[in-house]
Amino acid sequence: MNNSFYVHPTAVVDEGCEIGPGTKIWHFSHIMPGCKLGENCNIGQNVVILPEVVLGKNVKVQNNVSLYTGVTCDDDVFLGPSCVFTNVTNPRSAVNRRGQYAKTHVGQGASIGANATIVCGHDIGPYAFIGAGAVVTKTVPDYALVVGNPAKQIGWMSEYGIRLTFNQEGIAYCGESNEKYVLENNQVIKILI
């Protein structure tokens, strides 16, 4: 086994996976063939990652998460405890739909809260924030804050995970980083200074 990443003795990593240096895979997790995990990822306990899932660099997957074929995550994504992704919109036990998996992409820096469910075929934009227990049934815009079942947008978040409050001119500042954001045409743009 490659010494550039860590696999706990109780975890199972199937042949044919690509795992980046510095990645850690913890107790009772199963990484299936054809997965690509970037460098410095942290895969918590009891996580299952099915074939062809792709994780970027520095992705944090908390305990009891299920990532099914068709899911891709960019760098710096956070997946909270027990969140679940689906990959078939109309599953039936007696009907094989393996060739019909829908894709879900999670953009850079997005966070998905504990026990959230992401229904397949709906992308999560960069730096979006999905509240705990939310059920996402449609695409989530960049920087959006969504909560509830079904998930509804209630605001906007900064790249630091701080809720943004826009003034009448459509300008907000992150309370932690002091970075500037502009809201135009229902889209948030970070202003580089």
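The values are calculated or read from the model by the stated rules, or taken from the named source; none is laboratory data. If you're wondering where the values come from, they're calculated on a predicted model, not measured in any experiment. Reconstructed Cβ throughout: ideal geometry from the backbone, glycine too, with neighbour counts over all protein chains shown.
Some points to look at:
- Residues in segment 41-55 that are of a type outside the set (Asp, Glu) and more than 20 Å from residue 81 (Cβ to Cβ) were compared, and the one that is surrounded by the fewest Cβ atoms within 10 Å (Cβ to Cβ) is 51.
- Residue check, residue 147 under 14 Å from the mean Cα position of the chain (by Cα) and among the aliphatic types (A, V, I, L, M): no
- Residue check, residue 164 modelled with pLDDT under 95 and not acidic (Asp, Glu): no
- Whenever a residue of segment 75-102 is closer than 17 Å to residue 49 by Cβ, its partners that are among the basic types (Lys, Arg) and not in a loop (DSSP other than H, G, I, E, B), lying with C-beta atoms within less than 8 angstrom and at least six residues away or across chains, give the pairs 77/60; 78/60; 79/60.
- Test: residue in segment 15-38 that is touching a Pro at 6+ places or on another chain (Cβ under 6 Å), of a type in the set (D, E, K, R) and either surrounded by fewer than 17 Cβ atoms within 10 Å (Cβ to Cβ) or at pLDDT below 95 (or both): no
- Comparison of 115, 149 shows that the only residue that is surrounded by fewer than 17 Cβ atoms within 10 Å (Cβ to Cβ), assigned by TED's automatic domain parsing to the domain that holds residue 29, under 19 Å from residue 43 (Cβ atoms) and at pLDDT 95 or above is 115.
- Look at (1) of a type outside the set (Asp, Glu); (2) surrounded by fewer than 17 Cβ atoms within 10 Å (Cβ to Cβ); (3) at pLDDT below 95 and you find that residue 87 fails only one, number (2).
- Taken as a whole, segment 169-180 holds no residue that is within 21 Å of residue 72 (Cα to Cα) and among the hydroxyl-bearing types (Ser, Thr, Tyr).
- Counted as qualifying within segment 112-193 are the strands (runs of 3 or more DSSP E) with 2 or more residues that are under 23 Å from residue 63 (Cα atoms) and out of contact with any Ser or Thr (no Cβ under 7 Å at 6 or more places or on another chain), namely 144-147.
- On the stretch given as segment 22-79, residues that are at negative phi, part of a loop (DSSP other than H, G, I, E, B) and not β-branched (Val, Ile, Thr) total 20.
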